[in-house]
Amino acid sequence: MKIKEIGEKIKIGIDKIGFAMPKYFLDIRDLAIGRNENANKFVKGLMQSEMSIAPVTEDIVALGASAAEQILDEEDKKNIEMVIVGTESGIDQSKASAVFIHNLLEIQPFARCIEIKEACYGATAALNFAKNYIEQNENASVLVIASDIAKYGINTPGESTQGAGSIAMLIKKEPRIAVINDESICQTRDIMDFWRPNYSDFPIVDGHFSTKQYLDCLTTTFEEYTKRYNQDLSDFDAFCFHLPFPKLGLKAINSIFAKKVEKEEKNKFLEKFHASIIYGKRVGNIYTGSLYLSLLSLLENCDNLKAGDKIGMYSYGSGAVCEFFNLTLADGFKSHLRNDRLNDFDNRKQLSIKEYEDMFFEKIILNEEGNCDFSNNRFIQESDNAFVLEKVENHKRIYKKIK
Ligand code: HMG
């Protein structure tokens, strides 16, 4: 066993990262036509181009398990001691989605499985929990999944910011993608900017207030961070933001540039920012996964990053809790990522506005026995993901491995 020197800390972070989305998307310009809006409001005003649309057979469990299945091998499954799902689109008030996912992935049984909720912030809290656990249990791995389906409803102001998808991250010591560093600052504000009461299918949103809070939480948290850790912009090589829509990320990065920042330095950050929104622009908001999709997009699409570079991360969950923390890129991180992921986006099926309305807002209708069968549903045949929801039997969700 390696003997650590006194005070030496093990490096813990993201060893693998996977992403799953449904097969379908809506072009944001078609939404604009359908809602009688100027397309530029969505394309330029929000910087969104497509929205990922989930059929009823691809819920947060199916998507989350599919994202993890892409990255885990048999050895990983033996070493995972905890599965944490961050979500605000839970399928049950009681049972954690992580328990279903643990079973679908055939992870060794002596594991803890839980779900964490605080709007879009949940997965960041999960990372922190994972890191603390591994500090005490050096050889363990933790699977953190951020899985959400963002639905605001037809003809609502938030409709153009919907999306669906899951990020899975394997957290362990000596990670091959990025180390999660210790410096972090959180902030909590008891505000009603976005919330979803138990009786409502859709969130209630104070949209403009929410964007102001997101930005104000960022500037005040970043300021506190720079003071407490005696750091400034020059300590970072890039930033990733929670992206409810990419334009808010652009406002976010502009808000942390100090007045004295040179144009050249600004452009350096902005170039990386544009790499970080490539995936989000085509997926929409995926709540808990959105920040980590922006990280994946940055790492897979930016050629100006190297091992040792420090990435500032801003996580924001309405309600509100936010955190500013940072990652350091590991040696050889690029070889543990994909360079062809854009093909997955290009291979999706485009929906008409009518198809989108029918698919995204379909509800599970149970018969008197509490059953509903999707086995012959075309969405299952068309899916590229590993897992789908096959049926509900006696009120129990039954998932199926299809790939
Ligand atoms: P809106 O009020 O309909 O839009 O919805 P708007 O009038 O503010 O216009 C949007 C932008 O388009 C503006 O840009 C317009 O100027 C521009 P800005 O001035 O802000 O830079 N625009 C145009 N640009 C070019 N050509 C045109 C044109 N027309 C207008 N012709 C709103 C916007 C954000 C309110 C809405 O989408 C919404 O309610 N979204 C949901 C809430 C949200 O995403 N909030 C973000 C912060 S809260 C958060 O991030 C947490 C969250 O993820 C949930 C969680 O934590 O769980 C949401």
So which residues in the range 112-158 are in contact with a Phe, Trp or Tyr (Cβ under 7 Å, 6 or more places away or on another chain) and more than 15 Å from the ligand (Cβ to nearest atom)?
A140, V142
How many residues, within the range 199-212, are within 7 Å of the ligand (Cβ to nearest atom), surrounded by 13 or more Cβ atoms within 10 Å (Cβ to Cβ) and part of a helix (DSSP H, G or I)?
3
Look at K95 and say whether it is more than 16 Å from the ligand (Cβ to nearest atom), of a type outside the set (A, V, I, L, M, F, W, C), over 14 Å from the mean Cα position of the chain (by Cα) and in a loop (DSSP other than H, G, I, E, B).
yes
With respect to Y356, is the statement that it is in contact (Cβ under 8 Å) with a residue 24 or more places away in the chain and within 16 Å of the ligand (Cβ to nearest atom) true?
no
Those residues of the range 276-307 which are open to solvent by 10 Å² or more (accessible area, probe 1.4 Å), farther than 19 Å from G163 by Cα and assigned to a helix (DSSP H, G or I) amount to E300, N301
Tell me, yes or no, whether the range 144-154 has at least one residue that is buried (at least 16 other Cβ atoms within 10 Å of the Cβ), within 17 Å of K77 (Cα to Cα) and charged (D, E, K, R).
no
Kindly indicate whether S184 is within 28 Å of L299 (Cα to Cα), of a type in the set (S, T, Y), away from the ligand (no atom under 16 Å from the Cβ) and buried (at least 18 other Cβ atoms within 10 Å of the Cβ).
yes
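Here's the yes/no breakdown for (1) outside any helix (DSSP H, G or I); (2) more than 15 Å from the ligand (Cβ to nearest atom):
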site: F42; (1), (2): no, no
site: E58; (1), (2): yes, yes
site: V61; (1), (2): no, yes
site: S66; (1), (2): no, yes
site: K78; (1), (2): no, yes
site: E88; (1), (2): yes, no
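The values are calculated or read from the model by the stated rules, or taken from the named source; none is laboratory data. What you see is a predicted model; the values in this text were computed from it and never measured. Don't worry about glycine lacking a Cβ; one is built from the backbone with ideal geometry, like all the others, and counts go over all protein chains shown. Ligands, DNA and RNA are excluded from the accessible area calculation, which covers all protein heavy atoms including side chains. Shrake-Rupley method; radii C 1.70, N 1.55, O 1.52, S 1.80 Å.
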